[in-house]
Amino acid sequence: MSATTDVFIIGGGPAGLAAAIAARNRGFTVTLADGADPPIDKPCGEGLMPDSLVALRALGIKLREVDGHVLRGIHFRDRETFVAARFPGAPGMGVRRSVLHQKMLEQARNVGVSFLWKTPVAGLCSDGVIVAGKMIPARWIIGADGIASRVRRWAGLRTHRRRQSRYAFRRHYRLQPWSDSAEIYWSNGAQAYVTPVASDAVCVVLISRDPDFRSASLRTQFPELARHLQSGSALTTERGALTITQRLDHVYRDRIALIGDASGSVDAITGEGLCLSFLQAMALAEALQAGDLSRYQRAHRRLARRPVWMSKLMLLLDKHPALRRRAMHALSAHPDIFSRLLAVHVGATSPAHLVTTGALLAWRFVET
């Protein structure tokens, strides 16, 4: 066990590994602790948007086509309407979470991160962290321990501006993907997020406000998707998790900072959680080097604006089916607007483009 470290990270998921890599790239000594044993899996949609791959490359992580399945765009489907758009520029990728975690773990090892796996952190103290009954001195402490963050509670950063919860259940199916895009199927009060993750496998995540909404509901709620899946077989058991939209007033206190879902989160349907964590990691490392965590607070707010806007839009469509149907018809009639929205979603356009696209969508919406 390390006697001292510049940066101690609590949580070994993608957010924690990204923070560890980014801090090591700035020259800090880094120790990461987690109560689990890698690779760490988590129920999620497993789709990486193009901007996520750019952020990963900035951390030194390059995914190959054999690591997953190339994604060329996004499809929206309901029982009446189909809307599609290609990613502008480079594609995204569907990647099993366990594969992504292993790739990130390898890069963290390569840059010299020290690990304490199967080692839960018991608490914080004035000079460091308490691990296995001992104190490890640390200059900076980073909480990357997820939505139910203990570090957030220990640091007194529990106040949040808003909180909305939904339930997500993931299962993988063995069959050849029928599309080269991530697909979102809509029904009243629920969505199915479908991602090709290999040449012979797809990931399906069901998201709703109903904790009992499971794969057994596919036939009635998403009949078209059910028809696709009936030619395959289940690869994994169904696993569930909460997806929470929440924002914190502050993401740091003194020398403690939060990252990833511990620092606030957007609904899983946006597909932005991982990319946001990667970008936060690089912003946090820059602030650590400057010795000023207020810089991270400002960057954190700036980075969250686009995902938060997209989350609001998607949850609005979920909550109001009549509004969603009209929006889907408008986008189907004017696919160029959906392409513009997708460009905004993956960060390929400026904030000004978001305003003009929103105005154009509103005009077309009125016409329908």
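The values are calculated or read from the model by the stated rules, or taken from the named source; none is laboratory data. None of the values given here were measured: they were computed from a predicted structure. Counting neighbours? That spans all protein chains shown, and the Cβs are built from the backbone with ideal geometry, glycine included.
I'm checking my understanding of the structure. Among residues of region 111-136 that are free of Cβ contacts under 8 Å to residues at least 40 places away in the same chain and among the hydrophobic types (A, V, I, L, M, F, W, C), which one is farthest from ALA36 (Cα to Cα)? The residue in question is CYS125. For region 203-229, how many residues meet the condition of being farther than 17 Å from PHE82 by Cβ and free of Cβ contacts under 8 Å to residues at least 24 places away in the same chain? Qualifying residue count for the region: 4.
Residue count for region 127-163, restricted to those that are surrounded by 16 or more Cβ atoms within 10 Å (Cβ to Cβ) and not aliphatic (A, V, I, L, M): 10. Could you tell me which residue of region 75-92 is surrounded by the most Cβ atoms within 10 Å (Cβ to Cβ), considering only residues that are within 25 Å of ALA15 (Cα to Cα) and touching a helix residue (DSSP H, G or I) at 6+ places or on another chain (Cβ under 6 Å)? Taking the candidates together, the pick is GLY92. Summed over region 149-165, residues that are at pLDDT 90 or above and under 29 Å from VAL205 (Cα atoms) total 4. For region 210-257, a residue qualifies if it is within 30 Å of ALA290 (Cβ to Cβ), among the aliphatic types (A, V, I, L, M) and in contact with a helix residue (DSSP H, G or I) (Cβ under 6 Å, 6 or more places away or on another chain), and the qualifying residues are VAL251, ALA257. The residues of region 305-337 that are crowded, with 17+ Cβ neighbours inside 10 Å and either among the acidic types (Asp, Glu) or at pLDDT 90 or above (or both) amount to a single one, ASP318.
Considered as a group, the residues in region 53-71 that are buried (at least 17 other Cβ atoms within 10 Å of the Cβ) and in contact with a strand residue (DSSP E or B) (Cβ under 7 Å, 6 or more places away or on another chain) include one that is nearest to ILE147 (Cα to Cα), and that residue is LEU53.
Scanning region 171-183 for residues that are surrounded by 21 or more Cβ atoms within 10 Å (Cβ to Cβ) and either in contact with a Gly (Cβ under 9 Å, 6 or more places away or on another chain) or farther than 19 Å from GLY271 by Cβ (or both) returns TYR173, PRO177, SER181, ALA182.
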